[in-house]
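A short worksheet on the structure shown next.
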Amino acid sequence: MTASAAAPFSAEDIAAEGLKPDEYEEIVRRLGRHPNLAELGMFGVMWSEHCCYKNSRPLLSQFPTEGDRILVGPGENAGVIDAGDGLRVAFKIESHNHPSAVEPFQGAATGVGGILRDIFTMGARPVAVLNSLRFGSLEDSRTRRLFNGVVSGIAHYGNCFGVPTVGGEVYFDRAYTGNPLVNAMAIGIMETDDIVKSGAAGIGNPVLYVGSTTGRDGMGGASFASAELSDKSEADRPAVQVGDPFLEKALVEACLEAFKTGAVVAAQDMGAAGITCSTAEMAAKGGVGIDLDLDKIPVRETGMVPYEYLLSESQERMLFVAQAGREQELIDIFHRWGLQAVVAGRVIPESLVRIRFQGGIAAEIPATALSDNTPIYHHKLPSEPPTYAQTAWAWTAAQLPEATATGITTPAGYHDWTSLLHQLLASPTIASKAWVYGQYDHQVQNNTVVLPGGADAAVIRLRPQVPIAGVANATQRGLAATVDCNARYVYLNPYEGAKAAVAEAARNLSCVGAEPLAITDNLNFGSPENPVGYWQLAEACRGLADACRQFSTPVTGGNVSLYNETLDSQGKPQPIYPTPVVGMVGLVADVSQVCRQGWRNPGDRIYLLGTRLDAAPSPQVTLGGSEYLAVVHQTVAGQPPAVDLDRELVVQSACRHGIAQGWVQSAHDCAEGGLAVALAESCISGELGAAIALPANCSRWDELLFGEGGARIVVSVAADQVDAWEASLAENLKGHWQVLGTVGDRTTPLTLTPDGAEPIIEAAVSDLAATWGHSIPQQLTA
């Protein structure tokens, strides 16, 4: 049978569900009949990129997913790792990009709520949240509205739920003007003896619906998340969910209590695609079927039809498979917490999702057709890099004006290096994010070791909130976490840029003394149906895979968010920069030894680990793709820094060893803005100045000061530990380190001085702090 003229749906009806004509033909072939409206909607959401990864799944298969500490890898609600001492940690990152573009407060808030449910569905209590955010220019009034709304939404949900928001990153670039990115990462400590999985089991076992009621909010959110944004997207506000963090706080307590009874066979969060996704995935993973009666579902609105029940993405809802005969025990727990809990179905032997409504069959579809046996599209890589990349790669620093020891002349006029340092510190991407994290409760639960802005990675104490058998409550172990991606690098060279994201994440963990363990990734890209978009996605996945193998940091899961494009009034797609965000976690053996980024003591000696300042110009340190090139010269071009993974490993190992030995007093990686910005940030954070010695001669002073890359870390070492530290460097980091200078006191400025000359940068730390600290608040009120 085919989708002929007798089809009950028009081509417009089919397209409205996010399905292509040939996909509809395949649905008819699989069912042996035309679907009804409810079934068509189910296929539309489950065959969306958001749910089935039909364009990206072949690329994800190259990721390393196994390791000594990996307990649960991709395929479940979250990954789980062994953190030692009986501690197991669940973590995952997900996106809520399109909802946040349309309704920033609720879009961001429910993004946090969704990722928290992924964590406690595994049997873990959420203990920390991070976020990775991207916006357009703050000069744009709509961007300012989105920025305010997103940050408020994240703060609202996390603060009310009672989980600390401990870290993150925020970038600003016109590439995200119409399509902001909101990626939320959550971390939890396992409280149940057994990790709760999602595969249904036990023929005849009851299926329980628990949590909140079902309404019409969030209708078709998965399909909405798998399409380009347009001028008409404001009309899609019903596709944005509405969250209740206080109800979710009750839900986590009820779920963990229920899991500990041993009566729960399987559990699944109702996230994207709601009832459709939870029934299909639980059935398919268990190799069984689920028979569900919509008349049993608690609702908040009247007159709902099966299509609406099945596609609703009302928040704070879960689906359980319970042991037969123990369902009332579970229902009583949820009622005690003031939550809904009903037996809505049962596990059946046929591998079907069977939906009942008002005494009839509303839908009946093979579970695998909705879950794992979905369409897969294999795209062909272009035979050569796209034209935009080749053009960008032809750029060299020689095309810039001459950069002397005193400064540089641009079309905007003459600039000395001190004024350019201030200009970079005022760039919203580099400037203080205190306006953001000041709205978050980052100390609730009392396990936050490093406050936001204090170090290169967040650190929490791995202390359970409730007693766990076999786990000491007074452990000194900690977990470090970070989210990283320089999307400009990925845009210019997706392979090198993706490697750089993994390397920077590992470097940030190493700067606090943590051993990198594993990652979760959020792949934010444009349309894979565009050859350029697919090239970016494929090359970035290859870079992530290679870097994760080198760092021995397996991928435990994540999220793919494609079609991050804005259709302008003429219908032309404007894609974001390709943004593969890496969320990495690492183990801290002793939280009392955590290292921060600010100088600690006057007289400490400052070192540069990684590519030396006197090294010949190399692809490892470059102005290509740099913040300096974008901010000062309004240019996005060149090759981004080439990542030397071997050098990254030895530099990071040397840094971690120095911290563990107590030699290293502060550590900060050189990222956006290069060496000069890293030094300024260490001065600002430590409220101490520094005297830095530079080589006497340099072919380009801007490249030396603001060039990026090179696996570089700036550290300070106590004067009485210098001999032991340098002996260690001589043995383990041969030729890839140098002394830079000395930490000053509170009255000392930051000076960078070429050998035998006057300082080329001299700035009071208070002035640098004012520029860096006031930039974002000033731009929001301008």
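The values are calculated or read from the model by the stated rules, or taken from the named source; none is laboratory data. It should be emphasised that the depicted structure is a prediction, and the values quoted were computed from it without experimental measurement. Virtual Cβ from ideal backbone geometry, glycine too; neighbours counted across all protein chains shown. Ligands, DNA and RNA are excluded from the accessible area calculation, which covers all protein heavy atoms including side chains. Shrake-Rupley method; radii C 1.70, N 1.55, O 1.52, S 1.80 Å.
Take the conditions small (Gly, Ala, Ser) and surrounded by fewer than 21 Cβ atoms within 10 Å (Cβ to Cβ) and apply them to residue 547. Does it pass? For residue 547, the condition - small (Gly, Ala, Ser) and surrounded by fewer than 21 Cβ atoms within 10 Å (Cβ to Cβ) - is not met. For segment 110-127, the tally of residues that are closer than 14 Å to residue 191 by Cα and not in a loop (DSSP other than H, G, I, E, B) stands at 6.
Of all residue pairs spaced 6 or more apart or on separate chains, none has beta-carbon atoms under 7 Å together with a first member in segment 581-604 that is free of Cβ contacts under 8 Å to residues at least 24 places away in the same chain and a second member that is in a loop (DSSP other than H, G, I, E, B) and of a type in the set (Val, Ile, Thr).
Taking (1) surrounded by fewer than 18 Cβ atoms within 10 Å (Cβ to Cβ); (2) small (Gly, Ala, Ser); (3) at pLDDT 95 or above; (4) more than 21 Å from the chain's Cα centre (by Cα) in turn, residue 427 satisfies each apart from (1). In segment 580-593, the condition of being surrounded by 23 or more Cβ atoms within 10 Å (Cβ to Cβ) and over 30 Å from residue 450 (Cβ atoms) is met by no residue. Within segment 626-660, being open to solvent by less than 30 Å² (accessible area, probe 1.4 Å) and either in contact with a His (Cβ under 7 Å, 6 or more places away or on another chain) or among the β-branched types (Val, Ile, Thr) (or both) holds for 632, 643, 651, 659. Does any residue of segment 716-726 turn out to be closer than 28 Å to residue 486 by Cα, in a strand (DSSP E or B), aliphatic (A, V, I, L, M) and modelled with pLDDT of 95 or more? No: zero hits. The set of residues in segment 404-424 that are open to solvent by 60 Å² or more (accessible area, probe 1.4 Å) and small (Gly, Ala, Ser) contains only 412. Looking at 511, 541, just one residue is closer than 23 Å to residue 591 by Cα and touching a residue at least 12 places away in the same chain (Cβ under 8 Å), and that residue is 511. The strands (runs of 3 or more DSSP E) found entirely in segment 261-348 that carry 3 or more residues being open to solvent by 10 Å² or more (accessible area, probe 1.4 Å) and either under 20 Å from residue 362 (Cα atoms) or touching a Gly at 6+ places or on another chain (Cβ under 7 Å) (or both) are 340-348. Considering segment 661-704, and only residues there that are of a type in the set (D, E, K, R) and open to solvent by less than 20 Å² (accessible area, probe 1.4 Å), the residue that is nearest to residue 506 (Cα to Cα) turns out to be 669. Within segment 156-207, the set of residues being under 30 Å from residue 425 (Cα atoms), open to solvent by 10 Å² or more (accessible area, probe 1.4 Å) and not in a strand (DSSP E or B) comprises 156, 159, 173, 174, 175, 177, 178. Checking 662, 658, 638 one by one, the residue that is in contact (Cβ under 8 Å) with a residue 60 or more places away in the chain, assigned to a helix (DSSP H, G or I) and out of contact with any Lys or Arg (no Cβ under 6 Å at 6 or more places or on another chain) is 658 and no other.
I'd like the residue in segment 493-528 that is part of a loop (DSSP other than H, G, I, E, B) and within 17 Å of the chain's Cα centre (by Cα) and, out of all such residues, is surrounded by the fewest Cβ atoms within 10 Å (Cβ to Cβ). Ranking the candidates gives 526 first.
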